[in-house]
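Scroll down for the structure; my scribbles are underneath it.
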Amino acid sequence: MTKDLEIEFVRKDGSIMTMLLSSTAICDEHGSFVKSRSALYDISALKAAREALNQQRDFLRPAQFFAHDR
């Protein structure tokens with residue numbers, strides 16, 4: 001079973017760093033938990049790009065409405 005979790009950290013300068021924690025449970029042949037394997041990825045740039053894309057979409061939505069209304 002793999003789980004992904006977004007976590008926000010505050011840097012010393014006050015800016016936000018968004019991280020993706022991805023972890024997988026490792027079980028033995030009986031299904032009992034043995035250990036976990038985890039990785040942490042900085043997705044701050046990806047999150048900022050998504051936000052910019054959403055803002056552009058929201059900005060252009062009225063123009064699309066009027067273009068299709070003709």
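Going through segment 38-70 one residue at a time, which ones are of a type in the set (A, V, I, L, M, F, W, C) and open to solvent by 90 Å² or more (accessible area, probe 1.4 Å)?
Hits for segment 38-70 are Leu40, Leu53, Phe59, Phe65, Phe66.
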- Filtered residues of segment 46-69 (kept if of a type in the set (D, E, K, R) and within 23 Å of Leu5 (Cβ to Cβ)): Lys47, Arg50, Glu51
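Go through segment 24-37 and give me each residue that's in contact with a Lys or Arg (Cβ under 7 Å, 6 or more places away or on another chain) and either surrounded by 12 or more Cβ atoms within 10 Å (Cβ to Cβ) or assigned to a helix (DSSP H, G or I) (or both). Write out each step before concluding.
Here is the first cut: in segment 24-37, the residues in contact with a Lys or Arg (Cβ under 7 Å, 6 or more places away or on another chain) are 24, 26.
Residue satisfying the conditions is Thr24 alone.
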- Does segment 38-60 hold any residues that are of a type in the set (Asp, Glu), under 13 Å from Glu8 (Cα atoms) and assigned to a helix (DSSP H, G or I), and which are they? none
- If we ask which residues in segment 15-45 are without any contact (Cβ under 8 Å) to a residue 12 or more places away in the chain and farther than 19 Å from Lys3 by Cα, their number turns out to be 4
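The values are calculated or read from the model by the stated rules, or taken from the named source; none is laboratory data. As the structure is a computational prediction, the values presented were derived from the model and not from experiment. Virtual Cβ from ideal backbone geometry, glycine too; neighbours counted across all protein chains shown. Keep in mind that these areas ignore ligands, DNA and RNA; they rest on the heavy atoms of the full protein, side chains included. Shrake-Rupley method; radii C 1.70, N 1.55, O 1.52, S 1.80 Å.
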